[in-house]
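To start, I am sharing the structure in question, which I have written as structure tokens.
The values are calculated or read from the model by the stated rules, or taken from the named source; none is laboratory data. Small disclaimer: the values here were computed from a predicted structure and weren't measured. Cβ sites come from the backbone with ideal geometry, for glycine too, and all protein chains shown count toward neighbours.
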Amino acid sequence: MTLDTENRLRQTIAEHLGLDEMDVTPDAHFAHDLSADSVDVVELIVALEDEYQVSFTDEQRKHIRTLRAATTFVLQNTRKEPALWHA
């Protein structure tokens with residue numbers, strides 16, 4: 001489940017920031033390494049909350065700045081993967 005969650009998060013982050021998935025490494029900092037501004041980060045966190053149907057605390061939101069941190073917090077706040085929609 002962890003690898004699946006990480007891969008889905010990597011895809012979401014890459015799409016949101018307009019990057020190649022290979023650029024989104026576990027410890028790449030959204031702002032410092034991936035050139036996301038503060039608005040990008042806020043919008044990304046909201047998108048993650050929506051996709052995974054979780055609500056992060058303000059303290060958690062301050063620390064979600066890498067794929068690794070996002071994976072950790074998503075796994076801590078949910079026990080299920082998001083629904084996959086097929087057309």
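Tell me which residues, restricted to the stretch 30-72, are closer than 19 Å to THR5 by Cβ and of a type in the set (Asp, Glu).
GLU49, ASP50, GLU51
Oh, and also: Which residue out of VAL24, VAL42, VAL74 is loosely packed, with under 13 Cβ neighbours inside 10 Å and either within 13 Å of the chain's Cα centre (by Cα) or basic (Lys, Arg) (or both)?
Within the list VAL24, VAL42, VAL74, the selection yields VAL42.
Among the listed residues SER55, SER35, identify the single one that is of a type in the set (S, T, N, Q) and modelled with pLDDT of 95 or more.
Sole residue among the options that is of a type in the set (S, T, N, Q) and modelled with pLDDT of 95 or more: SER35.
Among the residues of the stretch 34-58, what is the count of those that are of a type in the set (A, V, I, L, M), part of a loop (DSSP other than H, G, I, E, B) and within 20 Å of GLU21 (Cα to Cα)?
The total comes to 2.
Only one residue in ALA28, ALA87, ALA14 is assigned to a loop (DSSP other than H, G, I, E, B) and modelled with pLDDT of 95 or more. Which one?
So the residue among ALA28, ALA87, ALA14 that is assigned to a loop (DSSP other than H, G, I, E, B) and modelled with pLDDT of 95 or more is ALA28.
Please name all residue pairs, on different chains or six or more residues apart, with Cβ atoms under 7 Å, provided the first residue is in the stretch 62-77 and is modelled with pLDDT of 90 or more and the second residue is part of a helix (DSSP H, G or I) and acidic (Asp, Glu).
Close Cβ pairs satisfying both conditions: LEU67/GLU6; THR71/GLU6.
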